[in-house]
Amino acid sequence: MTILHFFLAIALGAVIGIEREYEFQKRKIKDFGGIRTFVLLASFGAFIGHISNVLVGFDIIITVGFISVIALIVAGYVIVSNKTGNTGITSEISALICFLLGIFVMKGYITFSVIVAIVTATVLAFKPQLHGFAKKIESEELYASLKFAIISLVVLPLLPNISYALTDLPILNDLINSFPKAAAILSEIAVFNPFKIWLMVVFITGISYVGYILIKNIGADKGIGLTGFLGGLVSSTAVTSSLSLESKRLKKIVKPFVAGVMIASSTMFLRVLFEVLVINKSLLKYLILPIGTMALAGFSSVLFIYLSEKKQKKVKKKVDFDSPFALIPAIKFGLFFAFVLFIAKFLQIILGNSGLYLAGLLSGLADVDAITISMASLSLAGDISAKAAVTTITIAVCSNTLVKGGIAYLFGGKEYGKWIISIFGIILAVGLSVLLFV
């Protein structure tokens, strides 16, 4: 096993070394090390790690080896920078990583070492793309990224993972207890979990953030179809609104805009399935048919449109989205999510499952993410049945689809609006039929 570990260390060093050697030859420059240097550094790290394993009390050799490699790298950096004027330390840091990988492999951290080697080589190889990405970043986006890091890595771990009812809040306890019947009901609705609510904020803003980055760097201007798909990751309603207004301006172009809206909406169906998979995967087997069938119907309509319009005029359209992440909208979503949780549970206690369905209908008018995650969470906790959760989510999706149909009909071109209403009608009929009869 020791021999295999040793050869793995050499292989990982070679992966990074080959990338460095290729870069040096491609740019015809001289820099610190090459493939042989990186392989030898990984071998040296493996040798040091092996000695510390077999000789009891010899862990000091790792420190000695580390200092020696640092001295070697610093000396090499001084010589190379004086000769070439290159002050970058990318190769030097990569060399140090190679040495440490050799040690980690011999210590048994195989998976970690492989991941680090692959990530390091990837970062080195994608230098032009990373630099290009950095040049495109605006100050607002940088601040947005930092805000996202704060809410996900700083705020989230500090929040208590405990579910509270309104009666648990000291500021409301006396007031609620003055109404015994209301207090009895409200005490059963322990759905306010700060950690879980904030986790949903992070989850949803994360999806929006990724969608925004894709749109900015891949470019929504490559076509309405790409706009629809990438926009559907962020907001299919925003895509519908934007393309509807454009369809009224460019009345001669209808089907490409219809296809863009259908792609965005079908992507939204897939997004709902993904959210359920992450929160409560046991519901997926019930939702895959109604929601999956609606997605399939939507994408099928897109295929039909493109087949009937092979020579359609290519139209480029940039959909206007807000900042990739803003704290106030995130907090509003968190409050809305908590409100949906409360209303859903309250209506379920008062009206039974029919109360949940009403909550799904009303929530879907504005957003599908909150009700989807709420139902998945309540079902996971055992507060509602899987069937009730699935039905409520499907109702919310249908409600949201009706809203987008209304937007298209009211704000889009006449022919465009008729196409949207017709296709959405088919999609809804298919989804509800599967839900009711399958």
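The values are calculated or read from the model by the stated rules, or taken from the named source; none is laboratory data. Not measured: the values here are computed from a predicted model. When we count neighbours, we look across all protein chains shown, and the Cβ atoms used for this are built from the backbone with ideal geometry, even at glycine.
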Could you figure out which of (1) touching a helix residue (DSSP H, G or I) at 6+ places or on another chain (Cβ under 7 Å); (2) within 22 Å of ALA121 (Cβ to Cβ); (3) surrounded by fewer than 18 Cβ atoms within 10 Å (Cβ to Cβ); (4) among the aliphatic types (A, V, I, L, M) isn't true of ALA11? (1)
Which residue, of ILE263, ILE197, ILE204, is assigned to a helix (DSSP H, G or I), among the hydrophobic types (A, V, I, L, M, F, W, C) and at pLDDT below 70? ILE204
Across the stretch 1-36, the tally of residues that are closer than 17 Å to LYS83 by Cα and touching a residue at least 24 places away in the same chain (Cβ under 8 Å) stands at 5
In the stretch 97-126, residues that are charged (D, E, K, R) and without any contact (Cβ under 8 Å) to a residue 40 or more places away in the chain total 0
Please tell me if PHE47 is assigned to a loop (DSSP other than H, G, I, E, B) and over 19 Å from GLY34 (Cα atoms). no
Mind checking which residues of the stretch 73-96 are loosely packed, with under 15 Cβ neighbours inside 10 Å, among the hydroxyl-bearing types (Ser, Thr, Tyr) and closer than 24 Å to VAL116 by Cβ? none
Tell me, please, whether a residue that is of a type outside the set (Asp, Glu), without any contact (Cβ under 8 Å) to a residue 60 or more places away in the chain and over 23 Å from LYS28 (Cβ atoms) can be found in the stretch 89-96. yes
Looking at the stretch 374-383, can you tell me whether even one residue there is closer than 30 Å to VAL202 by Cβ, acidic (Asp, Glu), in a helix (DSSP H, G or I) and at pLDDT below 85? no
So, SER68, is that one of a type in the set (Gly, Ala, Ser), surrounded by 19 or more Cβ atoms within 10 Å (Cβ to Cβ) and either part of a helix (DSSP H, G or I) or not assigned by TED's automatic domain parsing to the domain that holds THR120 (or both) or not? no
Does the stretch 142-182 hold any residues that are under 16 Å from PHE192 (Cβ atoms), β-branched (Val, Ile, Thr) and part of a helix (DSSP H, G or I), and which are they? THR167, ILE171, ILE176
Given the conditions (1) β-branched (Val, Ile, Thr); (2) at pLDDT below 90; (3) in a helix (DSSP H, G or I), every one holds for THR87 apart from (3)
Cβ-Cβ under 7 Å pairs, at least 6 apart or on other chains, the stretch 376-402 side without any contact (Cβ under 8 Å) to a residue 40 or more places away in the chain, far side crowded, with 23+ Cβ neighbours inside 10 Å and not in a helix (DSSP H, G or I): ALA396/VAL368
Taking the criterion of being at pLDDT below 90 and surrounded by 17 or more Cβ atoms within 10 Å (Cβ to Cβ), would at least one residue in the stretch 38-49 satisfy it? no
